[in-house]
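*Asks:* First the structure, which I've put down as C-alpha cells, then a few questions once you've had a look.
The values are calculated or read from the model by the stated rules, or taken from the named source; none is laboratory data. Worth saying up front: this structure is predicted, and the values here are computed from it rather than measured. Neighbour counts are summed over all protein chains in view; Cβ atoms, including those assigned to glycine, are modelled from backbone coordinates with ideal geometry.
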Amino acid sequence: QVQLEESGGGLVQAGGSLILSCTASGRSFSSYAMGWFRQAPGKEREFVAAISWTGDWTYADSVKGRFTGSRDNAKNTMYLQMNSLKPEDTAVYHCAATRGPSSRDPRAYAYWGQGTQVTVSS
C-alpha cells in the first residue's frame, strides 16, 4: 500500500509556471505506475499525465508541450512541471498510483492523494 501527498499548488498568472510534487510513503514506490489527474469544479476528473513502469510518459493533448513529468524513485517523489499555464488549467490536481499498467482512466488507479489547488488567473 502507498500513501500519496501532493504539494506545490497555488495562484499564478496566465503564462506562469508551477511545479507540483507527489510524495509517496510506503514500500516499493518504484513498482507503481503513476499518474496526474485534475478536476475542475463541476467537471469530471481528467487525465493529465502518466508514467509507466518503464519510465515512459504520456500526456493529455491539452497539456502536451507545456507540462513535463519526472520521477525520482530515490526520493519517492513524482513531479509535474507546468509551464505556459492557462486559466483553463485551473483545477485540483491529484496524483495517483497503481500496481497495474499506467492508464488515462482514473479507475485504473487504486491510490490517490488529497490534491493540491492550482488557480491560473487571466
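*Asks:* If residue 100 meets every condition in (1) more than 20 Å from residue 7 (Cα to Cα); (2) at pLDDT 95 or above apart from one, which number is that one?
*Replies:* Failed condition: (2).
*Asks:* Further question on the same structure: Of these, 28, 62, which one is at pLDDT below 95 and among the hydroxyl-bearing types (Ser, Thr, Tyr)?
*Replies:* Answer to the check: 28.
*Asks:* Can you tell me which condition residue 102 does not meet? The list is (1) in contact (Cβ under 8 Å) with a residue 60 or more places away in the chain; (2) closer than 30 Å to residue 121 by Cβ, and all the others hold.
*Replies:* Condition (2) is where residue 102 drops out.
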